[in-house]
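The values are calculated or read from the model by the stated rules, or taken from the named source; none is laboratory data. Remember, predicted model here, so these are calculated numbers, not experimental data. Note: ideal-geometry Cβ built from the backbone for every residue, glycine included; neighbour counts use all protein chains shown.
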Amino acid sequence: MPPLLSVIVPAYGVGEYLPACLDSVLAQTLTDLEVIVVDDGSPDESGEIADDFAAVDPRVRVLHTSNQGLGPARNEGTRAATGRYITFADSDDLIPPRAYELMVSSLERTGSDIAAGNTWRYIEGKGNVQSWTHAEAFAETRFQTHIREFPTLIRDRMVWNKVYRRSFWDEHGFEFPAIRYEDYPVTLAAHLKASSVDIFAEKVYHWRQRLAEDSITQRSLELDNLTDRVASAEMTLEVADAEGGEIAERIHGYFTDIDVITLATALAEGALQDRQAIGQLAVRLARRLSPSKDWTTPLARSIHAALVRGDLDGAAVLAEQRRGGAVGDVLRTFLEPNRVRHLPGLAANLVFGGLKAPQIKARTLRSRVTAVTRLDGMTMIQVESKLRRLLLDRATITAELQCEQRTIPLAANVAALDGQRATTEVQVPDALVEQLADTPYQLMMQIAVGPVTWVGEVTIGRGEIPDPVELPSGNWVVVSQWRRGSSSSWIRLVRGQSVARAELSDDELVLHVAPEHPFAAVLRPEPSSPLIRPVVDGEARFPLDEVLEDPADDPVTSRAYRDLVAITAAAAERAAADSSSTAALVGAATGVRMDGADAQVGALETDVVPSGVDDEPPAGVPEQADVAGAERALQRAGVTPLLLTEYSQEQVQYGDHLVRVRRSTSCSAELQHEIVY
């Protein structure tokens, strides 16, 4: 019997990454699938690795071909596929475990031709950040929509975050061209020809950014790469212009904002011997485009106009300024004898000043605090640092406290890369804050790219970190928080039936809840059903074997975070028939942001803004969530979020997992587990 889904994985020179990719595909909660690995004449051991997988899992098939390129390899795999649905995965990327079940079950339910989802950008050495390409289009879930109804989908240019109905694919005869950037001409045509499309805010793909210099992304300024990029853009423009209207206008603007600027950047930073050919490509694409001011930035239009009139130097200078270069540094790149165009100003010092790398002085890093949160013994400081995006992609970001003669490293995790800004979450344990209570200290951020570093102070001291608040009634939980433009506390009223106690006992998770609750549940992401157990004598017991069968949503960290709730008998019955999760509702209802003081709570000392930080609110801050509406929805759903009163932050090892219970940042009861390698 043919499988439900065919996953097509071309492989060329990816022996280092292919095993992890195939592991993530074979670990899908949707098991009715076949995996077709196309060994595209790989010069390394990729073909042998694929054969090894096929030898132990009958769902894997391997096609060994001569090298043709990514597009033809995908076409080979598509012709061999037998599934009712098809999808594509690049062999150095990773797939979250529920991705294919989520999208296939949606297509089965709605009858749409395409299902597509949000994407993480997995940056080696940093972890996961939201893919900016996909952020806007996949901000919310929509069923049976269409690119004409929701034109923002013109940004959805990749093929691998989607599942296609096979009959739809064959009906329109889609094939990938034999060039790089082969996705967009196909994905745009598919969006336009689809009867409807389901899109998901959930992340369904981890798009790896390799540190190796031979990846397509890292080689984006090389001539052969740019040649294919322009060819792909011209193919896509043919599809867009045939459609016309707003779709065409948006795509002309998109290529102006993205591809034209990339070409202009290559004029400044690409190989000197290729500059004439790059200039011809840049002018060719620019003259093909008619950008509207509605869908482009003024600077992008200025770069476009410079290229249209053949002013290559002007376009390059504007592109460098757009990427964050100081005007003086940018101009100097065009005054040097050999037109050194690497890190502005740095290469000139090395080549013409005779400096050695150890003599390079640290440059000033501009950073600012955007949020401070205290919860359960930890202060989390969110710091935004500004640097050119080309550098951020390759950078290592660290944080430390400097006090007197000591330097104390801090845990720092890059949470997002957005244009020229990196948002880093820095963790400061309360024990360290108490230890340094009478000692002046300074938070420092450092970004390193090879031998070059940028270092900057972040003005945030003991006085600016919100203190935890204990309320006399015992019915409230408060998480103090400061954000740019406002100071606030997340406050949750905890009723008696919401209080719970959790413990890990032998091979069980034991949840002690109010006896009026008939059931308790461990919530899991869609489309997985909650894990439900009856409450007997005030206890719900969850076998850890069953709890840990639930795969982590993130195959990079192998960590899973699950809300623990109480539910009614009716909710338990519905959950057995419908796999939809209420986790989002729980998150919305368990944290209510209240500015300043509250009459029921008493005066809270929250009106603090760290010195040196702009107190203007950032653009695009979302409105306060309708928490009351979320709580009413939870009541209708029969779900009661729980608050842990007694629990241990200590991790317990069970088999190959580390497990612990804790309060989440929204003050709900949460279980965390991760695989130990």
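Results, tabulated for the structure shown:
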quantity: Qualifying residue in segment 276-294 (condition: surrounded by fewer than 18 Cβ atoms within 10 Å (Cβ to Cβ) and under 16 Å from ARG155 (Cα atoms)); calculated: yes
quantity: Residue in segment 193-203 that is free of Cβ contacts under 8 Å to residues at least 60 places away in the same chain, outside the structural domain of THR256 (by TED's automatic domain parsing), buried (at least 18 other Cβ atoms within 10 Å of the Cβ) and part of a loop (DSSP other than H, G, I, E, B) present; calculated: no
quantity: Filtered residues of segment 88-107 (kept if in a helix (DSSP H, G or I) and not aliphatic (A, V, I, L, M)); calculated: TYR100, GLU101, SER105, SER106
quantity: Test: residue in segment 205-219 that is in contact with a strand residue (DSSP E or B) (Cβ under 6 Å, 6 or more places away or on another chain) and under 22 Å from PHE143 (Cβ atoms); calculated: yes
quantity: Residue in segment 42-66 that is nearest to the chain's Cα centre (by Cα), counting only those that are hydroxyl-bearing (Ser, Thr, Tyr) and not in a helix (DSSP H, G or I); calculated: SER42
quantity: Tally, over segment 51-72, of residues that are among the small types (Gly, Ala, Ser) and closer than 30 Å to GLU526 by Cα; calculated: 1
quantity: Subset tally (residues that are over 32 Å from the mean Cα position of the chain (by Cα) and at pLDDT below 90) for segment 275-293; calculated: 1
quantity: Residue count for segment 533-564, restricted to those that are of a type in the set (A, V, I, L, M, F, W, C) and either under 30 Å from TRP120 (Cα atoms) or touching a Gly at 6+ places or on another chain (Cβ under 6 Å) (or both); calculated: 7
quantity: Selection count, segment 295-314, where residues are within 34 Å of the chain's Cα centre (by Cα) and free of Cβ contacts under 8 Å to residues at least 24 places away in the same chain; calculated: 4
quantity: Matching residues, segment 551-573, being without any contact (Cβ under 8 Å) to a residue 60 or more places away in the chain and either under 22 Å from ALA99 (Cβ atoms) or in a loop (DSSP other than H, G, I, E, B) (or both); calculated: none
quantity: Enumeration of residues in segment 559-577 that are under 32 Å from the mean Cα position of the chain (by Cα) and hydroxyl-bearing (Ser, Thr, Tyr); calculated: TYR561
quantity: Residues located in segment 108-136, provided they are surrounded by fewer than 21 Cβ atoms within 10 Å (Cβ to Cβ), modelled with pLDDT of 90 or more and touching an Asp or Glu at 6+ places or on another chain (Cβ under 7 Å); calculated: THR110
quantity: Filtered residues of segment 635-660 (kept if in a loop (DSSP other than H, G, I, E, B) and either of a type outside the set (Gly, Ala, Ser) or buried (at least 19 other Cβ atoms within 10 Å of the Cβ) (or both)); calculated: GLY638, LEU642, TYR647, GLN649, GLU650, GLN651, ASP656
quantity: Where SER24 falls short, out of the listed (1) of a type in the set (Gly, Ala, Ser); (2) over 25 Å from TYR181 (Cβ atoms); (3) buried (at least 16 other Cβ atoms within 10 Å of the Cβ); calculated: (2)
quantity: Test: residue in segment 219-235 that is among the β-branched types (Val, Ile, Thr), under 25 Å from LEU18 (Cα atoms) and at pLDDT 90 or above; calculated: no
quantity: Residue within segment 23-36 that is of a type in the set (Ser, Thr, Tyr), over 19 Å from THR78 (Cβ atoms) and in contact (Cβ under 8 Å) with a residue 40 or more places away in the chain present; calculated: yes
quantity: Hits in segment 15-27 - residues which are under 13 Å from ALA89 (Cα atoms) and in a loop (DSSP other than H, G, I, E, B); calculated: TYR17
quantity: Candidates PHE176, PHE143 - the one that is farther than 23 Å from PHE255 by Cβ and either in the same structural domain as VAL35 (by TED's automatic domain parsing) or aliphatic (A, V, I, L, M) (or both); calculated: PHE143
quantity: First in segment 141-162 and on the phi > 0 side of the Ramachandran plot, second anywhere and crowded, with 18+ Cβ neighbours inside 10 Å, Cβ under 6 Å, 6 or more apart; calculated: GLN144/SER112
quantity: Test: residue in segment 83-95 that is over 18 Å from TRP160 (Cα atoms) and either surrounded by fewer than 21 Cβ atoms within 10 Å (Cβ to Cβ) or among the basic types (Lys, Arg) (or both); calculated: no
quantity: Some residue of segment 159-173 being buried (at least 18 other Cβ atoms within 10 Å of the Cβ), of a type outside the set (Lys, Arg), under 18 Å from TYR12 (Cβ atoms) and under 16 Å from the mean Cα position of the chain (by Cα); calculated: yes
